[in-house]
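My questions all concern the structure below.
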Amino acid sequence: MLPSELLLSSRRGPQVYPHFLKSRQRVWADEVLALIAAHQQKTRGELQQALRGLEGDSPDYRIVRGFAHLALGAAEFRLALPDIDPGQLRREVFTLASEAGYGERQARTVLEVLGERYGLQAEVLRDALYADLPERHVLSVLPDYTPETLVDRYNLAQAQGLLYSALSMRIIAHRNVPGEYRRLFQRLKFHGLLYAVEGHLEDGYQIHVDGPASLFRQTRRYGIKMATFLPALLHISRWEMQAALLSGGREVQYQLGSEDSRLRSHHPRPPAYDSLLERSFAERWEKLDTPWALEREVEIVDLKGTVFVPDFALRHPDGRVVHVEIMGFWHPDYLRRKLDKVRRADMGNLILAVSDRLNVGEEDIKNIPGPVVFFKGKLEPRKVLELLETRP
């Protein structure tokens with residue numbers, strides 16, 4: 001992301017907007033990357049001086065700095081002489097100098113002695129004395145960015161930056177995004193964000209993400225967590241985000257939506273299925289001759305502090321909906337947490353499919369509201385279909 005001094009935004013009334021790049025400003029991405037490439041195997045100090053020269057007196061200087069900040073964050077620097085420890089070298093120099101005395105001639109003598117020890121010329125050794133200073137590090141690996149991907153990272157970073165001062169966030173996720181809800185909540189949990197869910201399958205869900213105001217103190221750290229979460233939201237096909245920000249001691253509003261084509265996530269798109277068991281079940285279900293249509297992760301049950309998202313929904317043309325949750329993971333803690341969620345969700349229209357490898361007994365599935373089916377190896381779709389056809 002970008003530091004605060006490189007963030008650009010505008011404000012109209014109670015609304016605040018991030019600065020996205022204009023067409024003419026995109027050329028700076030090409031120039032910054034070309035300049036960085038020209039300084040491979042040169043020092044950070046030389047590169048920084050060249051970047052300052054590129055800025056010149058352009059009014060876009062903060063855009064140039066923003067591109068450079070993001071690009072260099074993906075580059076790698078190393079010591080000019082990686083086999084030499086500058087700190088150890090300095091200690092040896094100072095030890096010999098204390099014995100030889102101080103002066104230009106004595107310094108030359110010390111460097112010549114150490115030069116023979118290290119097999120290097122005296123001038124090379126002199127440069128190595130402070131090679132551990134950041135400005136003397138050498139650019140060894142270029143950032144793996146094209147100008148287009150760097151532009152995308154810049155626009156996303158500007159959108160993220162406004163969330164640094166977020167007090168709260170509301171996300172509206174529409175139901176035509178099956179398969180992504182569970183991962184969305186996984187990212188919310190991963191970033192340590194507190195949330196509550198309301199809504200339903202047909203109209204979509206509203207996810208209320210509490211900010212530091214609910215914790216009785218303003219902390220930028222929590223806003224940064226919201227900012228780092230934003231790329232995960234971009235993988236949802238239809239969404240809206242509304243956030244309340246603290247700006248200049250006043251609350252302002254910030255909105256983003258999936259219709260903005262300038263926002264692209266740099267995170268890899270998550271796989272369609274969490275496991276081979278789920279993929280196999282879905283692929284074989286499609287081969288059945290049945291009016292029951294299979295949908296992937298479309299129902300969210302709010303459990304106050306967490307959510308339960310069944311793996312599949314089976315929808316009949318007459319309006320009936322039955323959910324399927326497949327438990328094939330072996331970890332005991334996973335088993336305990338999953339069964340607890342199933343009980344709390346209290347879904348009578350949920351079929352719980354349990355692998356025999358889990359060693360689940362009658363006591364474990366006590367108080368499970370819906371039917372439970374056991375399977376060996378892979379879950380057979382016909383076994384689930386038989387259950388559906390016997391249900392009222």
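The values are calculated or read from the model by the stated rules, or taken from the named source; none is laboratory data. These figures come from a predicted structure and were not determined experimentally. We place every Cβ from the backbone using ideal geometry, glycine too, and count neighbours over all the protein chains shown.
Please state which of the following conditions SER280 fails to meet, knowing it meets all the rest: (1) surrounded by 12 or more Cβ atoms within 10 Å (Cβ to Cβ); (2) assigned by TED's automatic domain parsing to the domain that holds GLU325; (3) out of contact with any strand residue (DSSP E or B) (no Cβ under 6 Å at 6 or more places or on another chain); (4) not in a helix (DSSP H, G or I).
Going through (1) surrounded by 12 or more Cβ atoms within 10 Å (Cβ to Cβ); (2) assigned by TED's automatic domain parsing to the domain that holds GLU325; (3) out of contact with any strand residue (DSSP E or B) (no Cβ under 6 Å at 6 or more places or on another chain); (4) not in a helix (DSSP H, G or I) one by one, SER280 breaks only (4).
Sort out which residues of the range 69-116 are under 30 Å from GLU55 (Cα atoms) and either in contact with a Cys (Cβ under 9 Å, 6 or more places away or on another chain) or part of a helix (DSSP H, G or I) (or both), and write them in order of number.
Residues satisfying the conditions are HIS69, LEU70, ALA71, LEU72, GLY73.
So which residues in the range 137-153 are among the hydroxyl-bearing types (Ser, Thr, Tyr) and in a helix (DSSP H, G or I), if there are any at all?
THR149
Return a yes/no flag: does the range 22-39 have any residue that is farther than 21 Å from PRO147 by Cβ, of a type in the set (A, V, I, L, M) and modelled with pLDDT of 85 or more.
The answer is no, given that none of the residues of the range 22-39 is farther than 21 Å from PRO147 by Cβ, of a type in the set (A, V, I, L, M) and modelled with pLDDT of 85 or more.
Going by what's in this entry, would LEU156 be described as surrounded by 15 or more Cβ atoms within 10 Å (Cβ to Cβ), in a helix (DSSP H, G or I) and out of contact with any Lys or Arg (no Cβ under 9 Å at 6 or more places or on another chain)?
no
Here are GLU286, GLU325: which of them is touching a residue at least 24 places away in the same chain (Cβ under 8 Å) and over 24 Å from the mean Cα position of the chain (by Cα)?
On inspection, the qualifying residue turns out to be GLU325.
Kindly indicate which of LEU96, LEU111, LEU70, LEU81 is touching a Lys or Arg at 6+ places or on another chain (Cβ under 7 Å) and either on the phi > 0 side of the Ramachandran plot or at pLDDT below 90 (or both).
LEU111
Collect the residues in the range 362-380 that are of a type in the set (A, V, I, L, M, F, W, C) and farther than 21 Å from ASP346 by Cβ, keeping them in residue-number order.
PHE374, PHE375, LEU379 - these are the residues of the range 362-380 that are of a type in the set (A, V, I, L, M, F, W, C) and farther than 21 Å from ASP346 by Cβ.
For the range 1-37, give me each residue that is in contact with a Leu (Cβ under 9 Å, 6 or more places away or on another chain), among the small types (Gly, Ala, Ser) and assigned to a helix (DSSP H, G or I).
Of everything in the range 1-37, those that are in contact with a Leu (Cβ under 9 Å, 6 or more places away or on another chain), among the small types (Gly, Ala, Ser) and assigned to a helix (DSSP H, G or I) turn out to be ALA29, ALA37.
Moving on to the next point. Please list, ordered by first then second residue, the pairs with beta carbon atoms under 6 Å, 6 or more apart or interchain, first in the range 118-141 and under 19 Å from PHE77 (Cα atoms) and touching a residue at least 24 places away in the same chain (Cβ under 8 Å), second aromatic (Phe, Trp, Tyr) and surrounded by 13 or more Cβ atoms within 10 Å (Cβ to Cβ).
HIS137/PHE77; LEU139/PHE77
Considering only the range 227-251, state which residues are assigned to a strand (DSSP E or B) and either buried (at least 20 other Cβ atoms within 10 Å of the Cβ) or at pLDDT 95 or above (or both).
Correct list: TRP239, MET241, GLN242, ALA243, LEU245.
Could you say whether any residue in the range 41-53 is under 30 Å from the mean Cα position of the chain (by Cα), of a type in the set (D, E, K, R) and within 18 Å of ASP152 (Cβ to Cβ)?
No, the range 41-53 has no match at all.
If a residue has to be assigned to a helix (DSSP H, G or I) and loosely packed, with under 14 Cβ neighbours inside 10 Å to count, how many in the range 345-366 make the cut?
2
Six or more apart or on different chains, Cβ atoms under 9 Å: show the pairs whose first residue is in the range 331-355 and within 21 Å of LEU379 (Cβ to Cβ) and whose second is surrounded by fewer than 17 Cβ atoms within 10 Å (Cβ to Cβ) and aromatic (Phe, Trp, Tyr).
Pairs that qualify, where the first residue is within 21 Å of LEU379 (Cβ to Cβ) and the partner is surrounded by fewer than 17 Cβ atoms within 10 Å (Cβ to Cβ) and aromatic (Phe, Trp, Tyr), are LEU335/PHE329; LYS338/PHE329; ALA353/PHE374; VAL354/PHE374; SER355/PHE329; SER355/TRP330; SER355/PHE374.
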